[in-house]
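Below: one structure, written as structure tokens.
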Amino acid sequence: MNTNDTTSTPKPKDNSSEGTVLQAQKDLSTIRSIINTEALAQEEVKRQQQARKYVTEVVTEALNDRQQSDNSISTILVPIVEKSIEKSITQQHETFSDYIYPILFDLVRNLPLLFYAIS
């Protein structure tokens, strides 16, 4: 029989060596997963930043164009602003009074001059 015969019986595998290889493959898979997760997270952040930049560049022009075409921006925003002011006055009426008092005081103080100018 030839000693270089390739049809000879395979040698039994060393189980400890096979276990080490399997563990190394698992470890490598874990490392790849971590790297891929971090890379995907970084890519997502970049995509969000690019989307935000794009939207920032066009939103003002889009709002202006829409307002010019059908006045719908005012139609939508006026009730929202009115409700916000109403809510602010209701919840913080003292602060609002502090702001409005000087304006009303000047108006009332100048009323005699206004009536004199009209007559």
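At what distance in nm do the modelled label points of Thr20 and Asn36 sit from each other, each positioned 7 Å from its Cα along Cα→Cβ? Going from the Thr20 label point to the Asn36 one covers 2.7 nm.
For region 49-55, backbone phi angles converted through the Karplus equation (6.51, -1.76, 1.60; θ = phi - 60°) give residue-by-residue couplings of 5, 5, 5, 4, 4, 4, 5 Hz, Gly and Pro being listed as x. Using 1/(1 + (r/R0)^6) with R0 = 30 angstrom and r between the beta carbons of Leu113 and His93, what's the FRET efficiency to the nearest 0.05? It comes to 0.50. For the pair Gln49 and Ser29, what calculated FRET efficiency results from E = 1/(1 + (r/R0)^6), where r is the Cβ-Cβ distance and R0 = 41 Å, to the nearest 0.05? Taking R0 as 41 Å, the efficiency between Ser29 and Gln49 is 0.85. Other residues with beta-carbon under 14 Å from the beta-carbon of Lys46 carry, at +1 per Lys or Arg and -1 per Asp or Glu, a net charge of 0.
Values quoted throughout were computed directly from the atomic coordinates according to the rules given, and no laboratory measurement underlies them. These numbers come from a predicted model, not from an experiment. Here Cβ is always computed from backbone atoms with ideal geometry, including for glycine, and neighbour counts include all displayed protein chains.
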